[in-house]
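FYI, it's all coordinate maths here, none of it is from the lab. Given the structure is predicted, the values throughout are model-derived calculations rather than measurements. Cβ atoms come from the backbone with ideal geometry, glycine included; neighbour counts cover every protein chain shown.
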Amino acid sequence: MRHAPVNAGKIYGHLDLSADFSDAARLDQLASLLPTDSAVITSDLARCRETARHILRKQGRAEHPIHERTMLREQNFGQWEGKTYQAVEAIDPITYQAFFDDPATGTPEGGESFVDLIRRIQGEVDDLRHFEKDQHLIVVTHAGVIRAIVGLALGMAPERMLSLSIDPLSVTHLTLFQNATKTSWRVNFVNDMNRVRHL
């Protein structure tokens, strides 16, 4: 799932900002929806960790361990972080235009491209496949990371992955099937904001 919304008004990527937890109804819904027999894994940024903590408290699992993973961070926007898109365009219009002409491979100064993020997440997904076999995993992370995970599961081109909408506090559900010779994914739903049945 994606973390709670950040009301920053700027590009934040790797910036460690807190989130807005005022949507108590949605947090209650998530607590009833998400499995309670799950391991919980988050990005190491506060907005993901805090989102997981809010849900765990509502599930009566306040002391449940959270496994933080740096590799699950959002795309690194380098020198653009902390600035608005308008400010970036004014400062460096050529790089800005090049980025939006090819957002999959465009790289902000000092940052990473979306293709770089995909490579990082591929390794992380490989690790998570062996995290705790035959157990649900709740992974609280960022929009770009979720796009990459879904896109990798479906064999999508990076440009197509970027077309996926991933809203704050939305749930995306995948099932992993694996045996000694084959691994495959089923994408059950993406960016769901309304589902109320248990997973």
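When all alpha-carbon pairs of the chain are counted, what percent fall beyond 19 Å?
Summing the P(r) tail past 19 Å for the chain gives 61 percent.
Go through segment 75-179 and name the chymotrypsin sites (Phe, Trp or Tyr not before Pro) that are in a DSSP coil and have 16 or fewer other Cβ atoms within 10 Å of their Cβ. Please list the in-between numbers first.
Values: sites: F77, W80, Y85, Y96, F99, F100, F114, F131, F177; in loops: F77, F131.
When the chymotrypsin sites (Phe, Trp or Tyr not before Pro) of segment 75-179 are filtered for loop state and at most 16 Cβ neighbours within 10 Å, F131 remain.
Measure out, as a whole number of angstrom, how far apart the alpha-carbon centroids of segment 157-191 and segment 80-151 sit.
What the calculation gives is 15 Å, centre to centre.
Just to compare against my own numbers: the Cα pair-distance distribution for segment 100-161, 10 Å bins, whole % per bin, please.
Final binned percentages: 20, 49, 24, 6, 0.
Rounded to the nearest 500, what is the 222 nm mean residue ellipticity of the chain from helices alone, with -39500 (n - 2.57) per DSSP H run of 4+ residues and division by all residues?
Details: 7 runs with 70 residues, N = 199.
After summing the helix terms and dividing by the residues of the chain, the value is -10500 deg cm²/dmol.
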